[in-house]
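Let me begin by presenting the structure, written as structure tokens, before commenting on it.
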Amino acid sequence: MEFFIFIILLFGAIMFVAYRWQQNTVAAWSRAARRLGLDIQQRNTFSKPIITGTLQRLPVRIDTYTQRSGNNSTTYTRYQVRYPSTGFDFKLSREGGFSTFIGKFLGMKDQQVGDPLFDEAFKVKTAD
């Protein structure tokens, strides 16, 4: 009986800590959304908040996602901005790591834009 009560109290303490953690996260995201003039959405008490809206006439969405690898997981904040069509296809991604080595090995071309800091940080793939 005592063990059962201990388990219930432990579960309650874990839920309380999780609830407080989530409240702090939502409060911080709400402040950021307010500063940017965007809206914050949250489906339920424990769901991850999502910030949406328009900045300088461009649709914006900010959320988080988690990648799992074996026993580890890492949560990332994702910033998405929808730009109008440029008239040609291109892909922009971060430069570095194993993908750069593989890409160079396979003969992929990285377009340089002329800004050394940008060219070092990002790779641009385009047919044009």
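The values are calculated or read from the model by the stated rules, or taken from the named source; none is laboratory data. Given the structure is predicted, the values throughout are model-derived calculations rather than measurements. Here Cβ is always computed from backbone atoms with ideal geometry, including for glycine, and neighbour counts include all displayed protein chains. Please note that ligands, DNA and RNA were not included when accessible areas were found on the heavy atoms of the full protein model with its side chains. Shrake-Rupley method; radii C 1.70, N 1.55, O 1.52, S 1.80 Å.
Remarks
- Which listed residue, of A32, A18, A27, is modelled with pLDDT of 90 or more, more than 30 Å from T126 (Cβ to Cβ), more than 17 Å from the chain's Cα centre (by Cα) and among the hydrophobic types (A, V, I, L, M, F, W, C): A27
- Residue within region 30-51 that is in contact with a Gly (Cβ under 8 Å, 6 or more places away or on another chain), surrounded by 10 or more Cβ atoms within 10 Å (Cβ to Cβ) and in a helix (DSSP H, G or I) present: yes
- Every residue from region 52-69 that is under 20 Å from A18 (Cα atoms) and either touching a Leu at 6+ places or on another chain (Cβ under 8 Å) or surrounded by 11 or more Cβ atoms within 10 Å (Cβ to Cβ) (or both): D63, T64
- Put simply, of K123, K91 the only residue that is in a strand (DSSP E or B), open to solvent by 100 Å² or more (accessible area, probe 1.4 Å) and either closer than 30 Å to G37 by Cα or at pLDDT 75 or above (or both) is K91.
- Among the candidates G37, G12, G53, residue that is at pLDDT 90 or above, among the small types (G, A, S) and more than 20 Å from the chain's Cα centre (by Cα): G12
- Scanning region 25-40 for residues that are under 16 Å from Y79 (Cβ atoms) and not aliphatic (A, V, I, L, M) turns up W29, R35, G37, D39.
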